[in-house]
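The values are calculated or read from the model by the stated rules, or taken from the named source; none is laboratory data. Owing to the predicted nature of the structure, the values given are computational and were not obtained by experimental measurement. Cβ sites come from the backbone with ideal geometry, for glycine too, and all protein chains shown count toward neighbours. Keep in mind that these areas ignore ligands, DNA and RNA; they rest on the heavy atoms of the full protein, side chains included. Shrake-Rupley method; radii C 1.70, N 1.55, O 1.52, S 1.80 Å.
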Amino acid sequence: MSHFETALVAEAVDGGWSLHEDLVYHSDILGRVVTVPAGYTTDLASVPRLMRWIVPVANAKNRKAAVVHDYLCTHGDGVVKNQKQSDKVFREALDVLGLGKFKSGALYYPVRMFQSIKGWFK
């Protein structure tokens, strides 16, 4: 069953957040463990303003999923097949964190839409 094995330990740095310890996530979708190493820098979740009433940025419940997703998007070669699979792992991790279908969808679908639009301009 998918789960996080470690806590998110990070601090704000210029332009993002830097992990102080590895963040370890077991993904059923990937059938493997994803380890985001200490020192990795992320911008966490970019929640559109329109969705912040559904998924408040301040509650930070989605941050672990956002870090795993960012890592897979930047260092996923050999771990994920493509961007869509990275996004599916993001949705899986949101569900693991207990966001529920509605709130996780409010984060997942804008990510998928952005990736689709970005692909049109390649």
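The table below lists the values:
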item: Single match in 60, 66 (criterion: small (Gly, Ala, Ser), within 18 Å of residue 18 (Cβ to Cβ) and either over 8 Å from the mean Cα position of the chain (by Cα) or modelled with pLDDT under 90 (or both)); result: 60
item: Those residues of the stretch 86-100 which are open to solvent by 30 Å² or more (accessible area, probe 1.4 Å), modelled with pLDDT of 90 or more and in a helix (DSSP H, G or I), in sequence order; result: 88, 91, 95, 96
item: Count - residues of the stretch 67-85 that are part of a helix (DSSP H, G or I) and either of a type outside the set (A, V, I, L, M, F, W, C) or open to solvent by 60 Å² or more (accessible area, probe 1.4 Å) (or both); result: 8
item: Test: residue in the stretch 19-41 that is part of a loop (DSSP other than H, G, I, E, B), modelled with pLDDT under 95 and open to solvent by less than 40 Å² (accessible area, probe 1.4 Å); result: no
